[in-house]
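A short write-up of the structure that comes next.
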Amino acid sequence: MAAPGGGMEAAEEAEGLVLGRLEEEALKRRERLKALRQRTLQNKESGEPDSKIPREDEEEEPVKHREIKLRNYDPEDEELKKRKLPPAKPASVEDTVKEQLEAAKPEPIIDEVDLANLAPRKPDW
């Protein structure tokens with residue numbers, strides 16, 4: 001029996017949508033494979049390896065090089081000597097050490113002792 005809200009029909013529609021999407025993906029995959037086969041056949045005929053021929057669907061992006069920072073290397077080339085960074089100076093740690101030493105000093109807990117707080121309580125309190 002079908003559900004009173006038409007549950008079977010909704011399930012069939014959802015299943016149809018899933019199958020439709022899967023079929024579309026399969027067609028796209030077939031087209032990509034055909035293009036790949038054609039490209040490999042053309043490469044074999046021309047005699048060039050795959051890496052030499054640019055792919056049609058890819059755009060060539062300019063390669064960005066990072067700036068070289070020469071810290072530990074002493075270059076011999078004049079052009080590279082211009083890029084060499086000056087030697088780093090270690091940071092002063094005296095202030096940090098002073099702060100840590102002052103923070104480590106114990107503060108006095110109680111200067112005066114109140115005898116009323118130290119006396120034992122009466123047994124009938």
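The values are calculated or read from the model by the stated rules, or taken from the named source; none is laboratory data. From a predicted model like this one, the values you see are computed outputs, not experimental measurements. For the accessible areas, the whole protein counts, side chains as well, though only heavy atoms, and no ligand, DNA or RNA atoms are used. Shrake-Rupley method; radii C 1.70, N 1.55, O 1.52, S 1.80 Å.
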*asked:* I need the phi-derived Karplus couplings for the stretch 29-38: 6.51 cos²θ - 1.76 cosθ + 1.60, θ = phi - 60°, integer Hz, Gly and Pro marked x.
replied: 4, 4, 5, 5, 5, 4, 5, 5, 4, 4
*In square angstrom, rounded to the nearest 10, how much accessible surface does K105 have for a 1.4 Å probe?*
140 Å²
